[in-house]
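Remarks on the structure that follows.
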Amino acid sequence: PPAQPAAAERDARFGFESKASADVLESYIPGRFLGWEAGSRIRLANGQVWRIADGSRASYALDDPKVRIHRALFGTFMMEIVGHGRAPRVQRVE
């Protein structure tokens, strides 16, 4: 059988492919995070950039918050701010 891709390679493709080998990506937002509004772009520590794809907004004052991005229905993704109960719909742009 073909070898499984390394975790870093798999994570690098997460959000750009039609069907990933992983259903959840965990990372964090480096530095001070003040929240989001519709269309905001959020850069993760792994270099990925995700755009808020719904009309939600939230205000925070967090340092290096952990995030968990998971697949939702119809090929969409949700970004959970771990420990804060909010999860906007997001789309990977970089």
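The values are calculated or read from the model by the stated rules, or taken from the named source; none is laboratory data. Quantities reported herein were computed from a predicted structural model and do not represent experimental measurements. In this analysis, Cβ positions are derived from the backbone assuming ideal geometry, glycine residues included, and neighbour counts consider all displayed protein chains. Ligands, DNA and RNA are stripped out before the accessible areas are found, and what is left, the full protein with its side chains, is counted by its heavy atoms. Shrake-Rupley method; radii C 1.70, N 1.55, O 1.52, S 1.80 Å.
Do you know which residues across the stretch 39-53 are surrounded by 14 or more Cβ atoms within 10 Å (Cβ to Cβ) and more than 11 Å from the chain's Cα centre (by Cα)? Across the stretch 39-53, the qualifying residues are S40, A53.
Taking V82 as the residue in question, decide whether it is touching a Phe, Trp or Tyr at 6+ places or on another chain (Cβ under 8 Å) and either hydroxyl-bearing (S, T, Y) or within 15 Å of I29 (Cβ to Cβ) (or both). Show your work before the answer.
On the way: touching a Phe, Trp or Tyr at 6+ places or on another chain (Cβ under 8 Å): no; either hydroxyl-bearing (S, T, Y) or within 15 Å of I29 (Cβ to Cβ) (or both): yes.
Taking the combined requirement at face value, the residue does not satisfy it.
Looking across D54, D11, D23, one residue alone is charged (D, E, K, R) and at pLDDT 95 or above. It is D54.
Quick check on my filter: what residues within the stretch 56-73 are surrounded by 13 or more Cβ atoms within 10 Å (Cβ to Cβ) and within 14 Å of R43 (Cα to Cα)? Within the stretch 56-73, P65, K66, V67, R68, I69 qualify. For the stretch 54-66, filtering for residues that are polar (S, T, N, Q) and under 16 Å from the mean Cα position of the chain (by Cα) leaves 1. Scanning the stretch 78-94 for residues that are over 11 Å from D54 (Cβ atoms) and open to solvent by less than 40 Å² (accessible area, probe 1.4 Å) yields I81, R92.
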